[in-house]
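These notes concern the structure reproduced below.
Every number in this text was worked out from the coordinates using simple rules, so none of it is lab data. Just so it is clear, the model here is predicted, and its values are computed rather than measured. Note that each Cβ is placed from the backbone with ideal geometry, even for glycine, and that neighbours are counted across all protein chains shown.
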Amino acid sequence: MASGSVVRYEGKRGVVWRIWYRDADGEQAMETVGSERDGVTEKRAKEILADKLSDVRRKGYRRPKPLTFGRYADQWLDEGEVRRSWKPSTTGAYRTTLGHLCGYFGPLRLGEIRPRDVSGYVADALDRFSAQTVGHHLNVLHDMMKTAKAEELIESNPVEGVERPKPKRRRWRILEPTEVARVATAFADELARVVFVTLVLTGIRRSELQALRWRDVDLIEGVLRVRESKSESGERAIALSPALAEELWQLRRRTAFQGDDEFVFAHPISGHRLNANWYAAEFRTALTAAGITDYVRPFHDMRHTSLTNGAAAGESPIALMTRAGHTSMGTTKLYLHLAGTTFADEAEALERRLLGARKSR
């Protein structure tokens with residue numbers, strides 16, 4: 001038979017009433033009913049205990065397990081995937097990040113996590129990850145805790161106010177036009193060469209390039225459509241230069257995988273999407289053959305190279321932003337490295353605007 005008791009506790013808030021009982025699994029449970037200053041009396045506490053014991057007998061009541069970080073993380077991920085319509089790649093990235101976070105916070109009760117716990121995670125994670133990656137982990141953690149606060153599961157977001165690790169300044173290696181030309185002629189593999197030309201003339205991301213299918217390439221209209229990107233703003237159409245359109249046309253003629261649903265940069269035998277490691281090796285071999293010995297990232301540096309040289313060639317800000325797949329010019333500016341570029345035409349235009357036409361001597 002279910003049994004329980006009412007306990008009077010005198011603490012900082014004055015007299016507080018609690019009930020003790022065993023649930024249907026025989027597990028001991030303690031619940032705080034309320035304080036006398038809030039109007040809770042011993043009689044009221046006994047009534048609540050009686051109702052609880054009735055639920056145990058008649059309904060097999062089991063007290064819910066404490067909500068841990070790990071349990072809520074699973075719930076947040078599942079609900080977020082539906083509510084926010086995340087793409088599979090986004091869900092996968094969040095799942096990986098939450099795996100790292102759960103390894104540290106998993107068994108802790110959600111409401112007991114404090115800023116000092118988050119600072120402890122930062123210190124621990126920096127032994128294994130870069131500052132930039134740890135910052136990304138904190139972004140996901142902040143987003144998750146923000147939702148928990150909105151759902152009134154926690155009183156405050158423990159990530160707010162925590163000092164973030166400062167990433168080391170990253171130096172991008174931007175290829176100059178003459179270097180691009182040398183590298184383009186140094187590839188031993190023809191497919192790798194076309195990949196390189198596509199990267200520097202479009203500025204698309206690695207994942208976008210790997211996902212390209214022939215239905216995304218309109219050689220008649222001269223348009224490349226990015227349909228699979230990390231965000232909705234990344235889905236865009238990019239104009240193909242005549243030279244790149246010809247390169248892609250010749251590639252389609254050569255490949256055994258010409259169907260609309262086939263990958264543009266398919267493995268020549270299996271038809272699978274481009275192997276990034278294979279291309280990186282071919283790229284570095286071409287760099288060496290072109291006389292470039294410093295470290296150059298095969299994909300991200302080429303994205304920076306494309307956008308920076310596009311700006312230097314006079315591409316308008318809105319065109320650059322659209323081609324990059326960004327929602328703001330502020331983000332695009334992070335990809336532009338024009339310190340070593342001179343703009344003679346712009347200087348003359350400014351002179352004409354401010355000083356008028358140059359007088360003949």
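If you count, for each residue, the other Cβ atoms within 10 Å and average over each peptide, how do 275-283, 287-295 line up from highest to lowest?
275-283, 287-295
Hey, what did the range 4-59 get for relative contact order, percent, Cα under 8 Å, at least 6 apart?
32
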Checklist line | Principal axis box of the range 162-228, alpha-carbon based, largest edge first, Å | finding: 53, 31, 20
Note to self: What do you get for the angle between helix 190-202 and the principal long axis of the chain? Use alpha-carbon atoms, 0 to 90 degrees, nearest ten.
What the structure shows: 80
Check: Shape of the range 271-321 from its Cα gyration tensor (a ≥ b ≥ c, root eigenvalues): rounded if a/c is under 1.5, otherwise prolate when a/b > b/c, or oblate?
Finding: oblate
Next item on the list: Please list the radius of gyration and Dmax for the chain, considering alpha-carbon atoms only, with Å as the unit.
Entry: 30.5, 112
Checklist line | Dipole of the chain [Lys/Arg +1, Asp/Glu -1 at C-beta], most positive-end residue of 133, 107, 203 | finding: 107
Next item on the list: Using the Cα centre as the reference, give the magnitude of the dipole from point charges on the C-beta atoms of the range 69-150 (Lys, Arg: +1; Asp, Glu: -1; all else neutral), rounded to the nearest 20 debye.
Entry: 180
Checklist line | Charge sum, other residues only, whose C-beta stays under 10 Å from residue 282's C-beta, Lys/Arg counted +1 and Asp/Glu -1 | finding: +1
Check: Calculated from DSSP H runs of 4 or more alone, at -39500 (n - 2.57) each and per residue, what is the 222 nm mean residue ellipticity of the chain, nearest 500?
Finding: -15000 deg cm²/dmol
Next item on the list: May I ask for the net charge around residue 209, where only other residues with Cβ less than 11 Å from the Cβ of residue 209 are counted and Lys, Arg are +1 while Asp, Glu are -1?
Entry: +1
Note to self: Just to compare against my own numbers: the Cα pair-distance distribution for the range 4-59, 10 Å bins, whole % per bin, please.
What the structure shows: 26, 50, 21, 3
Notebook entry, point to check: For the chain, what's the relative contact order in percent, using C-alpha pairs closer than 8 Å and at least 6 residues apart?
Noted result: 11
Check: All other residues with a Cβ under 14 Å from the Cβ of residue 81 taken together, and with Lys, Arg as +1 and Asp, Glu as -1, what is their net charge?
Finding: 0
Margin query: Can you pull out the trypsin sites (Lys or Arg not before Pro) in the range 148-212 whose DSSP state is coil and whose Cβ has at most 13 other Cβ atoms within 10 Å?
Written below: 168, 169, 170, 171
Next item on the list: Putting +1 on Lys and Arg Cβ atoms and -1 on Asp and Glu Cβ atoms, find which of 280, 223, 93 reaches farthest to the positive end of the dipole of the chain.
Entry: 93
Checklist line | Dipole magnitude of the range 177-333 about its Cα centre (Cβ charges: Lys, Arg +1; Asp, Glu -1), debye to nearest 20 | finding: 240
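Where a ≥ b ≥ c are the square roots of the eigenvalues of the C-alpha gyration tensor, would you call the range 69-150 rounded, which needs a/c under 1.5, or, failing that, prolate if a/b is larger than b/c, or oblate?
oblate
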Margin query: Compute the helix-to-body angle for 131-150: its Cα long axis versus the longest principal axis of the chain, expressed 0 to 90° and rounded to tens.
Written below: 40
Notebook entry, point to check: the range 126-246: D in µm²/s via Stokes-Einstein (Kirkwood Rh, Cα pairs, 20 °C, 1.002 mPa s)?
Noted result: 117
Checklist line | 97, 202 arranged by Cβ crowding within 10 Å, fewest neighbours leading | finding: 97, 202
Item checked: Residue (of 314, 269, 325) at the positive-pole extreme of the range 262-327, dipole from beta-carbon charges -> 325
Checklist line | Distance between the range 261-297 and the range 110-156 - C-alpha centres, whole angstrom | finding: 37
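Dividing the convex hull volume of the alpha carbon atoms of the range 177-333 by its residue count, what do you get in Å³ per residue?
113
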Next item on the list: Can you tell me the dipole magnitude for the chain around its Cα centre, using point charges on the Cβ only (Lys, Arg +1; Asp, Glu -1), in Debye to the nearest 20?
Entry: 740
